[in-house]
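Notes follow once the structure below has been shown.
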Amino acid sequence: MLKGIQKNVIMVRLTGSPCFETAYFVIRAGKREPKRGEMVKEANRIISESDPQAVKKGTRLMGRGERLMLILYGVLGGAFSVAVAWLICLLFF
């Protein structure tokens with residue numbers, strides 16, 4: 001949502017992108033209007049940051065041992081919680 005009396009908005013039509021058809025850029029107050037080359041560079045930076053494939057490349061999937069440890073911690077945590085609840089019920093009720 002745009003608020004204010006006057007906002008400078010630049011619309012960039014991205015004809016070569018499979019994801020985006022049009023991009024809208026709202027220029028900060030007091031800043032000069034960027035040149036076309038700067039707009040294209042900024043649009044490419046935003047697209048590369050929001051690209052799911054780029055995010056996937058930077059992350060490491062958990063290995064089998066890590067998944068088993070996570071399951072074990074979950075089971076032990078649940079068992080501990082049930083044991084504490086059982087002891088509280090046994091002592092106070």
Exercise. Within region 48-82, track down each residue that is within 16 Å of the chain's Cα centre (by Cα) and modelled with pLDDT of 70 or more.
Key: 48, 49
Quiz item: Quick check: is even one residue across region 8-16 modelled with pLDDT under 75 and part of a helix (DSSP H, G or I)?
Solution: no
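The values are calculated or read from the model by the stated rules, or taken from the named source; none is laboratory data. Predicted, not measured: the structure shown is a model, and the values here were computed from it.
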